[in-house]
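The values are calculated or read from the model by the stated rules, or taken from the named source; none is laboratory data. All values reported here derive from a predicted model rather than from experimental measurement. Heads up, the Cβs are rebuilt from the backbone with ideal geometry, glycines too, and the neighbour counts pull from every protein chain shown.
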Amino acid sequence: MLQQIEGSKAVAETVAACMPDVVCAYPISPQTHIVEALDELTRLGKIGNCQFINVESEFSAMSVAIGSSATGARTYTATASQGLLFMVEPVYNASGLGLPIVMTVANRAIGSPINIWNDQSDSMSQRDSGWIQLYAQDNQSAADLHILAFRLAEELSLPVMVCMDGFILTHAMEEIDVAEPELVQKFLPKFTPRQVLDPQDPVSIGAMVGPEAFTEVKYLGHFKQLKALEIIPELSQEFEKVFARSAGGPDDYKGLVTKYHLEDAEVVLVALGSVLGTIKDAVDEHRKNGVKAGAMGITSFRPFPLDEVRKSLKHAQKIVVVERAFAPGVGGIVSSNIRTALSGIDIKMSTVVAGLGGRPITLKSISELVDKALYGSLPEFSFMDLDVELVERELERNLLTRRSGPMAENLLKDLGSR
Amino acid sequence: MSTPLKFYQVGSFAVGNRLLGDDQLSVQSRSDRTNSLTSGHRACQGCGEALGARYVMDAAMAATDGKVIAVNATGCLEVFSTPYPETSWRLPWMHSLFGNAAPVATGVAFALKAQGRSDIRVVAQGGDGGTVDIGFGPLSGMFERNDDVLYVCYDNEAYMNTGVQRSGATPPAARTNTTHAVGANPGASFTQGKNLPKIAMAHGIPYVATASVSDLHDLEAKVTKAMSIRGARYLHVLVPCPLGWGTRSEETIKLARLATESGLFPIYEAEYGTITERKKIRKQVPVDEYLQIQKRFAHLFGPKGNREYLNAIQAIADRNIAEFGLLGDAE
């Protein structure tokens with residue numbers, strides 16, 4: 001049923017419809033509204049016998065999830081930013097153990113400097129944690145991807161992160177069709193764990209593994225990720241049959257990527273998450289002016305759909321990757337994966353780091369990227385809307401005096417005196 | 001039996017005491033014990049932790065009709081029991097990380113609750129490092145929420161698995177590989193340390209107890225009692241470590257007994273934050289007697305010894321004896 005609803009609330013109601021047995025929560029913005037709503041739904045008895053646990057840290061949130069999932073319970077939690085970093089050790093443990101936990105990451109910048117606003121440096125830091133990572137482009141897909149995530153996680157016995165841009169999606173009111181529990185039941189069967197702690201059939205889980213089998217265990221984690229590349233399209237198709245829409249949102253292609261005017265596109269903008277909306281507007285604008293622009297979104301970042309990306313981009317002349325995180329000292333993160341997909345194909349590619357710490361990515365700035373890409377003035381790696389004057393002033397201060405003081409505070413002071 | 005037996009009547013604390021009636025026999029002396037931590041594991045000779053864990057788990061199994069799920073922190077117990085493809089655990093057992101045995105056990109407990117399996121119980125276990133240091137915050141959370149978990153700490157007073165380094169439970173003056181017995185202040189510092197049983201009591205949880213491998217009958221009884229209670233329970237067991245303490249492997253039980261008889265390790269039980277039982281010292285011994293047979297305290301003895309430190313340690317024992325009322329006839 002269509003309703004005006006906040007993104008977080010839509011996610012919470014969708015997760016509730018998936019009937020988790022255990023939900024554990026530790027507050028961190030901008031994820032809080034999701035677990036707040038789940039607490040209420042649990043208390044109202046809307047999620048069966050679901051147990052809602054307020055833990056004392058994200059480290060414990062993921063640890064509770066590990067214990068619960070290993071006992072055969074469908075388990076969910078949500079986090080963001082520093083919270084995701086605080087649970088990194090059990091995050092890796094969960095994937096290594098092959099536990100099908102589903103977690104929402106309400107994408108938010110990582111400090112220092114402390115910043116509560118959106119970028120994707122948090123989930124990007126966990127790209128190699130062994131979790132599947134799905135990125136939502138809007139609130140409908142943010143909600144729907146959770147249903148897909150539970151099914152996928154449980155089929156593969158692998159944890160799944162659903163990443164949605166903090167505030168931009170979590171706190172936005174939109175018209176959403178929150179999945180009906182009856183339909184969810186049709187799509188998502190009862191959880192049958194591959195491994196379970198059961199006194200009737202005792203097993204040891206989490207034993208020490210030495211060089212004789214560690215590589216093989218890790219290989220199987222990789223194998224399962226590759227298997228997900230086959231299963232995601234199948235599940236997406238099934239999802240579409242049950243819910244009459246695609247889980248990946250508009251322009252979805254097999255749940256792996258989204259394709260917008262790619263057929264004849266000469267300039268292609270690539271991105272993950274909510275910025276795709278602005279990017280598609282920019283594409284429309286340029287198309288009106290006769291420029292053959294297109295956009296590709298990556299829904300499944302882990303596993304990375306190398307073949308689909310290659311097929312989608314190989315005819316492009318210029319590629320611009322818009323990234324909400326980067327690898328300091330090197331450059332782009334998503335773009336290096338795209339380079340791998342396009343290996344052997346010579347296409348000019350630029351990486352633009354945008355929207356860090358909540359800086360708005362405007363239609364104007366995106367549109368300019370297309371122009372710059374076309375006229376060859378876009379460098380290989382750049383920061384969108386970088387305040388060059390602010391940066392240079394601090395660099396100059398560093399040269400003039402050894403004890404130049406705290407950097408972030410200097411910049412804010414300079415801004416204040418403008 | 002008209003007169004209740006006192007164990008010292010036979011001069012021993014032997015758990016399989018033949019003078020006992022059938023209902024008083026220890027779990028470990030029964031042929032139907034579960035051998036939850038079975039033989040063949042890789043613990044050192046004389047390992048107090050292996051002994052303690054075996055008694056704890058068999059008693060927990062006996063108290064629950066064999067329905068226990070065990071969660072283990074990283075540490076000696078985890079490493080020596082599961083060098084796959086071998087496992088010594090004959091019950092469902094899980095190891096996740098060093099610092100998260102308590103919350104993983106919480107997860108197991110809530111999963112069971114969601115599934116309506118109130119018959120299956122959860123026991124988490126870790127060493128002192130995993131308990132008083134790296135797992136402390138999560139353990140406190142488990143206490144505060146009163147999650148239905150028995151957490152057992154096997155305290156050997158240092159990080160033995162990583163090669164004997166100081167933990168928050170290492171006693172003053174003890175030599176470890178991060179508190180060398182050299183310099184002006186040899187060994188571990190005289191700080192407050194972290195008295196986890198008392199901290200657990202401050203959480204007001206239903207049951208807290210200390211126990212020792214020198215009195216295995218008492219250890220079993222405490223596990224049995226703990227399993228009859230719901231909510232967060234904490235059991236702190238002193239387990240001497242021949243490797244880390246520099247002691248003879250056949251003296252593990254003796255050392256555990258001397259720790260108690262000197263007053264350095266009080267044995268007691270508490271319910272909802274109030275002490276309900278304490279084990280009286282049978283024959284008080286000076287701390288010297290306990291310390292001098294341990295190489296980790298060797299620098300306190302001999303011609304270059306340190307009477308000042310020994311006096312300070314004796315003062316700690318005396319404070320314990322006064323605080324817990326450890327002298328006098330058994331109540």
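Based on this model, can you work out whether A:G294 counts as small (G, A, S), farther than 22 Å from A:I361 by Cα and at pLDDT 95 or above? Answer is no for this residue.
Mind counting the residues in the range A:243-255 that are out of contact with any Ser or Thr (no Cβ under 9 Å at 6 or more places or on another chain) and buried (at least 18 other Cβ atoms within 10 Å of the Cβ)? Within the range A:243-255, residues that are out of contact with any Ser or Thr (no Cβ under 9 Å at 6 or more places or on another chain) and buried (at least 18 other Cβ atoms within 10 Å of the Cβ) number 1. Kindly establish whether A:I347 is aliphatic (A, V, I, L, M), at pLDDT 95 or above and more than 24 Å from A:D119 (Cα to Cα). It is true that A:I347 is aliphatic (A, V, I, L, M), at pLDDT 95 or above and more than 24 Å from A:D119 (Cα to Cα). Identify, please: which residue in the range A:96-120 is of a type in the set (G, A, S) and surrounded by fewer than 24 Cβ atoms within 10 Å (Cβ to Cβ) and is, among those, nearest to A:L158 (Cα to Cα)? If we take residues in the range A:96-120 being of a type in the set (G, A, S) and surrounded by fewer than 24 Cβ atoms within 10 Å (Cβ to Cβ), then A:G98 is nearest to A:L158 (Cα to Cα).
Is it the case, given these coordinates, that A:E285 is surrounded by fewer than 19 Cβ atoms within 10 Å (Cβ to Cβ), out of contact with any Pro (no Cβ under 9 Å at 6 or more places or on another chain), in contact (Cβ under 8 Å) with a residue 60 or more places away in the chain and farther than 21 Å from A:G166 by Cβ? Against the criterion (surrounded by fewer than 19 Cβ atoms within 10 Å (Cβ to Cβ), out of contact with any Pro (no Cβ under 9 Å at 6 or more places or on another chain), in contact (Cβ under 8 Å) with a residue 60 or more places away in the chain and farther than 21 Å from A:G166 by Cβ), A:E285 qualifies. Residues in the range B:102-131 that are surrounded by fewer than 24 Cβ atoms within 10 Å (Cβ to Cβ) and in a helix (DSSP H, G or I): B:K113, B:A114.
Could you tell me how many of the residues in the range B:63-101 are among the hydroxyl-bearing types (S, T, Y), more than 7 Å from every other protein chain (Cβ to nearest Cβ), farther than 18 Å from A:Y92 by Cα and not in a helix (DSSP H, G or I)?
Result for the range B:63-101: 2.
The combined condition, being outside any strand (DSSP E or B) and within 14 Å of A:L84 (Cα to Cα), is not fulfilled by A:I147.
For (1) farther than 30 Å from A:Q317 by Cβ; (2) in a helix (DSSP H, G or I); (3) in contact (Cβ under 8 Å) with a residue 40 or more places away in the chain, each residue gets a yes or a no:
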residue: A:N337; (1), (2), (3): no, yes, no
residue: A:G357; (1), (2), (3): yes, yes, yes
residue: A:E389; (1), (2), (3): yes, yes, no
residue: A:L399; (1), (2), (3): yes, yes, no
residue: A:L412; (1), (2), (3): yes, yes, no
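Of all residues in the range B:29-49, those satisfying the criterion of being loosely packed, with under 13 Cβ neighbours inside 10 Å and of a type in the set (G, A, S) are B:S31, B:S39, B:G40. Taking the conditions (1) within 17 Å of B:P171 (Cβ to Cβ); (2) surrounded by 18 or more Cβ atoms within 10 Å (Cβ to Cβ) in turn, B:E220 satisfies each one other than (1). Within the range A:65-90, the set of residues being at the interface with another protein chain (Cβ under 7 Å from one of its Cβ atoms) and either surrounded by fewer than 24 Cβ atoms within 10 Å (Cβ to Cβ) or in contact with a Phe, Trp or Tyr (Cβ under 7 Å, 6 or more places away or on another chain) (or both) comprises A:S68, A:G72, A:E89, A:P90.
Conditions (1) over 25 Å from A:P100 (Cβ atoms); (2) at pLDDT 95 or above, marked per residue:
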site	(1), (2)
B:Y55	yes, yes
B:T64	yes, yes
B:N72	no, yes
B:E78	no, yes
B:T82	no, no
B:P92	no, yes
B:A102	no, yes
B:A114	no, yes
B:V132	yes, yes
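Residues that are without any contact (Cβ under 8 Å) to a residue 60 or more places away in the chain, crowded, with 22+ Cβ neighbours inside 10 Å and not aromatic (F, W, Y) do not occur anywhere in the range B:142-162. Restricting A:S336, A:S365 to residues that are surrounded by fewer than 21 Cβ atoms within 10 Å (Cβ to Cβ) and within 26 Å of A:N139 (Cβ to Cβ) narrows the list to A:S365. Of all residues in the range A:1-55, those satisfying the criterion of being part of a loop (DSSP other than H, G, I, E, B) and free of Cβ contacts under 8 Å to residues at least 12 places away in the same chain are A:P27, A:L44, A:G45. Examine the range A:209-220 for a residue that is more than 14 Å from every other protein chain (Cβ to nearest Cβ), loosely packed, with under 12 Cβ neighbours inside 10 Å and in contact (Cβ under 8 Å) with a residue 24 or more places away in the chain, and state whether such a residue exists. Within the range A:209-220 (the criterion being more than 14 Å from every other protein chain (Cβ to nearest Cβ), loosely packed, with under 12 Cβ neighbours inside 10 Å and in contact (Cβ under 8 Å) with a residue 24 or more places away in the chain), the answer is no, since none of the residues qualifies.
Please verify whether A:M62 is surrounded by fewer than 24 Cβ atoms within 10 Å (Cβ to Cβ) and within 14 Å of chain B (Cβ to nearest Cβ), treating the condition exactly as stated. No, not satisfied.
How many of the residues in the range A:180-208 are in contact (Cβ under 8 Å) with a residue 12 or more places away in the chain, within 11 Å of another protein chain (Cβ to nearest Cβ) and of a type in the set (D, E)? Matching residues across the range A:180-208 total 1.
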